[in-house]
Amino acid sequence: MADQRVFSGVDLCCQLNNSAHHTEEIDTERLLVRRGQSFALALQCTGSAPRDPDYTLTLVLRLGNQGEVTVKVSDGQRRDPAQWWFSVQGAQSEMLLTVHSPPDAPIGKYSLAVLLVSSDGHIMEETAPESFYLLYNPWCKADTVHLPDDVLLKEYIMNENGLIYRGDSNDISSMAWNFGQFEDDVVDICFEILDNSPSALKNPEMDLQNRANPVYVSRIISAMVNSNDADRGVLWGKWTGEYSDGVAPTHWTGSVSILKRWTEDGRRPVRYGQCWVFAAVACTVLRCLGIPTRCITNYSSAHDTDGNLTIDHLLDENFESISRPNERSDMIWNFHCWVESWMAREDLPGGYDGWQVLDPTPQERSDGVYCCGPCPVRAIREGEVGVKYDAPFIFAEVNADRTYWIEHKDGTRTKVHVDKKSVGCNISTKSVYGDQREDVTALYKYPEGSAKEREVFEKAGRRVSPQPGDDETQSPQLKLSIKNAPAVHGTDFDVIVEVLNVGHQDARAHLTVKSVATTYNSLHRGDCQRKTARLTVPAQKVHKEVLRLRYDHYGACVSEHHTIRVTASIKMNDQSEVIQTEANIQLKMPKLNIKVTGEAAVGQKVTAYITFRNPLPVTLKDGVFTVEGAGLTAATEIPVPNAIQPGEEVTVKLSFKPMRYGMRKLLVDFDSDRLMDVKGETTLMIRGKRYNWP
């Protein structure tokens, strides 16, 4: 036996195993399996399979780049589901091993070797190590990420294409995103992110063992998707509008090019990301690792910096907003994106399993690190802000009150209005039944204005004593609303402010209307138009004031988010209360036209023709199209060689060969010096060897 080798090699049966473990989309040449589910190995022999009872087989698994964690796996006699074990069947010149992993095994890259051991414990032979990845298993009932619904699994694990909702609560828009969790190299990059976390670098053995727990891993991902802790995080956040030393956040249409750029650049942060980019990259990583995940958008999202569940707005005596340089202040974002991941919370009392909020956008520190969550959605709905992690901050994002103050010249402040209903609305995610929006607001909060909603708010820690402006029994005599004609980027349009007098006496008042260009997270980019008027509004009548917004007013300062914020403030002459309302106007963008020709089949060339027409009254320079699609083509840039005149139409083409069958989306972005974030998409049904689509 010692002079002749018994084993000639190990066949990992990758195609068979990967298909059974829902990982064949990642690879069929490497073994990728899910914990809590058996997989097969074929141990090939030089002759007949050994049957000598004096010899036994043992598997040795090593986890980690340096094999920091070692697991010895013996032929299963007791077959304990909580342990690794294997069974053996001999067949001619090979032995079939069925390996069983526990449902709480640490995920990661393992190496595997088969040992032939003599009855006295000596290793007679050892095969060359083979590597495989072990992932979480939401199909396994005993796994803490188990999701008992095939429709949900198809969307929250297997779907590489998604929608991310942006815009404003009154004008919700969506953009297609290529999550690409099964694209080449992505699974390796996901584990590279984990391997480079501060916890892994400080104590790799403990970190590897902790990877059994999706709560731990998801929190690491929340921290590592951003780079704010001087770690090796993936994305650098920036909201200033100046992105010349990187890529504008609005340019991205998928996660794959971001992840690949991070690893190819030596784990230097990719410039730049904003909330939806952070959330989408986290969604890719978590789905790839096997944790069911979806992107969430919260509209009118509060950023409560002082933790008092109130967003304070300071106005001067002319109703102008007061902001002080270098002073962190509360903010309302038009929208904010995070992710939810599905998992059991064995670290918490019962009742908190299910969807957990994770927010990788760097806003506030959690235990000294820029991360957020996981926090049970149910804890937010019930006001249980003591539940870890970061419940108070998330609760404020969807429930904070907005309080308006007048700051007088002597420094004193007067509370003039409290808005208890506008924060946290139309909380949205993509439906599992197609490209429609699903509203999940009811999972986060009770109906606005209901007694239960106020009860939960106070339970969360804020007891409100009666103060000026808090008394809701005194309804204001005047009511404000803002409407606008269709606002197409590059055109002039009207904004109409309506003042309704619900009282029985005429009302004399001072109205101020102003418009500014802002980012989606309320950063001021420039003033557009302003108008003031002294009014007398007859009882039970409506007064309309029109503000004309011209491209000349907003074109030079509008942000890459194409948002104009109109604020109307009115004060009756004989009262101290200021009534204020605002509207965020999303400028409508052109759509890219995409036409695809050729046979839509794996390995067959198809050609995409992409057409864009310049909608602005100015010339566009430095135009570039970016095209990508999971299973279709890697991100490819196509520069426009010449300037694009007003109204001019340009067409570019790109040929590619689809790599994977099934329904695929081709995503296109167009950017230039004066117009960014122009998107387009088309869906292709790719025929392959498994299915013959008609």
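The values are calculated or read from the model by the stated rules, or taken from the named source; none is laboratory data. The model shown is predicted, which means the values in this text are computed figures rather than measured ones. For neighbour counting, all protein chains shown are included, and Cβ atoms are generated from backbone atoms with ideal geometry for every residue, glycine included. The accessibility values were calculated without ligands, DNA or RNA, using every heavy atom of the protein model including side chains. Shrake-Rupley method; radii C 1.70, N 1.55, O 1.52, S 1.80 Å.
Rounded to the nearest 0.05, the FRET efficiency derived from the C-beta distance between Lys409 and Thr532 at R0 = 22 Å is 0.65.
Computed FRET efficiency, Cβ-Cβ of Asn308 and Val624, R0 56 Å: what is it to the nearest 0.05? Intermediate results must be reported in sequence, preceding the final value.
On the way: r = 45 Å, r/R0 = 0.81.
It comes out at approximately 0.80.
Surface composition of the chain: carbon plus sulfur atoms hold 47% of the accessible area, using a 1.4 angstrom probe and ignoring ligands, DNA and RNA. Scalar couplings 3J(HN,Hα) for region 447-459, obtained by applying the Karplus form with A = 6.51, B = -1.76, C = 1.60 to θ = phi - 60°, are x, 4, x, 6, 4, 5, 5, 5, 5, 5, 4, 5, 4 Hz; x denotes Gly and Pro. For region 610-694, GluC sites (Glu not before Pro) meeting the loop criterion (DSSP other than H, G, I, E, B) and having at most 14 other Cβ atoms within 10 Å: Glu648.
Calculate the dipole size of region 199-339 relative to its Cα centre from +1 charges on Lys and Arg beta carbons and -1 charges on Asp and Glu beta carbons; express the result in debye to the nearest 20. Numbers along the way, then the final one.
Details: 14 positive and 16 negative charges, 205 e Å.
With Lys and Arg at +1 and Asp and Glu at -1, about 980 debye.
Listed values for region 219-228 are Karplus-derived 3J(HN,Hα) couplings in whole Hz (6.51 cos²θ - 1.76 cosθ + 1.60, θ = phi - 60°), namely 5, 4, 5, 4, 7, 7, 5, 9, 10, 6, and x replaces Gly and Pro. Each of Thr46, Thr127, Thr263 has its accessible area taken with a 1.4 Å probe; listed largest first, they run Thr46, Thr263, Thr127. Taking 21 Å as the straight-line reach from the Cα of Lys665, the lysines in range (excluding those fewer than 8 positions away in the same chain) are Lys154, Lys260, Lys430, Lys591, Lys595, Lys605, Lys653, Lys657, Lys679, Lys689.
Compute the length gained on full extension between Ala556 and Thr597: take 0.36 nm times their separation in residues and subtract their Cα-Cα distance, giving the result in nm to one decimal. Before the final figure, lay out the partial values.
Working: separation 41, 0.36 × 41 = 14.76 nm, distance 3.89 nm.
So the extension gain works out to 10.9 nm.
Amide H contacts of Lys588 (H built 1.01 Å from N, in plane; Pro and chain starts excluded): Ala487, Val488, His489 sit under 5 Å, all sequence-distant by 5 or more or on other chains.
Charging the Cβ of each Asp and Glu at -1 and of each Lys and Arg at +1, and nothing else, the dipole of region 350-486 about its Cα centre rounds to 300 debye.
Computed over protein heavy atoms with a 1.4 Å probe, the accessible surface of the chain works out to 43 Å² per residue. Projecting the Cα atoms of Val225, Met95, Ile164 onto the charge dipole of the chain (Cβ charges, centred on the Cα centre) puts Ile164 farthest toward the positive pole. Calculated [222 nm] ellipticity per residue, helices only, for the chain: -3500 deg cm²/dmol; basis is -39500 (n - 2.57) per DSSP H run with n ≥ 4, divided by all residues, nearest 500.
A dipole drawn for the chain from +1 and -1 charges on Cβ atoms has a positive end, and of Pro362, Gly555, Asn399 the residue lying farthest that way is Gly555. Across the chain, C-alpha contacts under 8 Å between residues 6 or more apart give a mean separation that, scaled by the residue count, equals a relative contact order of 9 percent. Between the alpha-carbon centres of region 401-426 and region 284-358 there is a gap of 20 Å. Each residue of region 492-507 was assigned a 3J(HN,Hα) from its phi angle through the Karplus curve 6.51 cos²θ - 1.76 cosθ + 1.60 (θ = phi - 60°); the sequence is 8, 8, 9, 10, 10, 9, 9, 10, 9, 9, 8, x, 9, 10, 4, 10 Hz, with glycine and proline shown as x.
Report the charge-dipole magnitude of the chain in Debye, nearest 20, computed about the Cα centre from +1 at each Lys and Arg Cβ and -1 at each Asp and Glu Cβ. Walk me through the numbers on the way to the answer.
Values: 76 positive and 93 negative charges, 342 e Å.
Here the size comes out at about 1640 debye.
To the nearest 0.05, what FRET efficiency results for Lys657 and Lys452 with a Förster distance of 51 Å applied to their C-beta separation? Don't skip to the end; give the middle numbers.
Details: r = 56 Å, r/R0 = 1.11.
E between Lys657 and Lys452, to the nearest 0.05, is 0.35.
For region 98-137, the list of GluC sites (Glu not before Pro) that fall in a loop by DSSP and count at most 10 other C-beta atoms within 10 angstrom is empty. Here the label points at Leu201 and Ser576, each 7 Å from Cα along the C-beta direction, are separated by 5.5 nm in the simple model.
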